[in-house]
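Okay, so here's the structure we're looking at.
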Amino acid sequence: MNLHPLWLSLELAALTTVILLGLGVVIAYGVHFFQFPGRGILRMTISLPLVLPPTVLGYYLLIAFQPEGIFGSFVTGTLHIPLAFSFGGLLLGSVIFSLPFMLGPVFSALKQVPQHYIDLAYTMGKSKWVTYWKVSLPMIRPAIWSGAAMSFAHTMGEFGVVWMIGGSIPGETKVASIELFELVESMQYEAAQQYAWILLGISVIILFLVQWLEGKIGS
C-alpha cells in the first residue's frame, strides 16, 4: 500500500488549516466589525464554495493559475511559484475552497458574543482590534477550533478541486482522494478499501472533535 498520497493529503490539510486559522481571524474581524460597500457581496463570495460544484471552482481556479493568465503570470513571474499542476496551486485552491468552513462557525459565534462586553471595552477606550483580540476571540475559541477541524477534514476529503488544479502527479499533487479513485478505477479493491478505511477513520475522529467543540460553544 502506497502511503505517500495519504501523507501528502495530511500535509496539504495541515498547511491549509494553519493558513485559514490566521486568515479566518483577520477576515472575520473585518467583516464583522466594519460596515463597508460590498460587505454583503464579500460574504456571499466567501460562501460560494459551499454551493458551487467543486469541479466548476477547480476549473476556474485552473484557468486563473495558468501562466498565461494575469494572476498566474504574476505569481509565477514575480514569486517564481508555479500554481497549475503543483502543490502550491493545490494549497491555494484548498484555502479558497475551505475558507467558508473556517469562517462559518466563527461568524455564528461572533453573533453570540454579548454586546455589553463589547460596549464596555469601547467605553474603556479600547480599539475595535483590541476588543476583538482581547474580548471576542477568547469567548469564541471553541468555534475557531471547530472551524479549523472542519477545514482540515474538508481538505482531506476533497477531490474535485484538487483533481482539476493538480491532476495526478505522483509525489506532487496525487493526494489520498485521487489515489483512492485510481485504485477503484484499476479494480484494486483491496488497496482501495484500506485507503477508504483510513479516510473514514480520520473523518469520524474529526466529527467527534467537532461535536465536542460545539458542546463547548453551547455551554
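Structure notes:
- Net lengthening on full extension, K111/I169 (0.36 nm per residue, minus Cα-Cα): 16.6 nm
- Taking every protein chain into account, the accessible area of the chain amounts to 54 square angstrom per residue (probe 1.4 Å).
- Modelled label reach - V56, point 7 Å along Cα→Cβ, region 83-121 residues with backbone N closer than 16 Å: 97
- Reciprocal mean inverse distance between Cα atoms of the chain - Kirkwood radius, Å: 18.9
- Highest-MSF residue in the chain out of L83, L120, L180 [GNM, Cα springs under 10 Å]: L120
- Using a probe radius of 1.4 angstrom, the carbon and sulfur fraction of the accessible surface of the chain is 70%.
- Net charge of Cβ neighbours under 13 Å - reference F34; Lys, Arg +1; Asp, Glu -1: +3
- Angstrom value of the Kirkwood radius, inverse mean 1/r, which spans all Cα pairs in region 31-101: 13.4
- Helix 189-218 axis versus longest C-alpha principal axis of the chain: approximately 0°, rounded to the nearest ten.
- Rounded to 10°, Cα long-axis angle of helix 176-185 versus longest principal axis of the chain: 30
- Inverting the pair-averaged 1/r between distinct Cα atoms of region 82-142 gives 13.8 Å as its Kirkwood hydrodynamic radius.
- The slack between K134 and V184, meaning 0.36 nm per residue of separation minus the straight C-alpha distance, is 13.0 nm.
- In nm, spacing of pseudo-spin labels at H80 and W212 (7 Å Cα→C-beta vector): 4.4
- Other residues within the sphere of radius under 14 Å centred on the Cβ of V162, judged by their own Cβ, net out at -4 (K and R +1, D and E -1).
- R0 of 25 Å, Cβ-Cβ distance A14-I70: FRET efficiency to nearest 0.05: 0.25
- Taking every DSSP helix (H) stretch of at least 4 residues in the chain, weighting each as -39,500 (n - 2.57) and dividing the sum by the residue count yields a mean residue ellipticity at 222 nm of -23500 deg cm²/dmol.
- Once you reduce region 150-180 and region 25-74 to the center of their Cα atoms, the two points are 20 Å from each other.
- The chain: angle of helix 141-157 to the longest principal axis, Cα-based, in degrees nearest 10: 20
- Mean separation of Cα pairs under 8 Å and 6 or more residues apart, divided by the residue count, gives region 63-149 a relative contact order of 24 percent.
The values are calculated or read from the model by the stated rules, or taken from the named source; none is laboratory data. If you're wondering where the values come from, they're calculated on a predicted model, not measured in any experiment. Every residue, glycine among them, receives a Cβ derived from its backbone with ideal geometry; neighbour counts consider all protein chains shown. Protein only, heavy atoms only, side chains kept; ligands, DNA and RNA dropped before computing areas. Shrake-Rupley method; radii C 1.70, N 1.55, O 1.52, S 1.80 Å.
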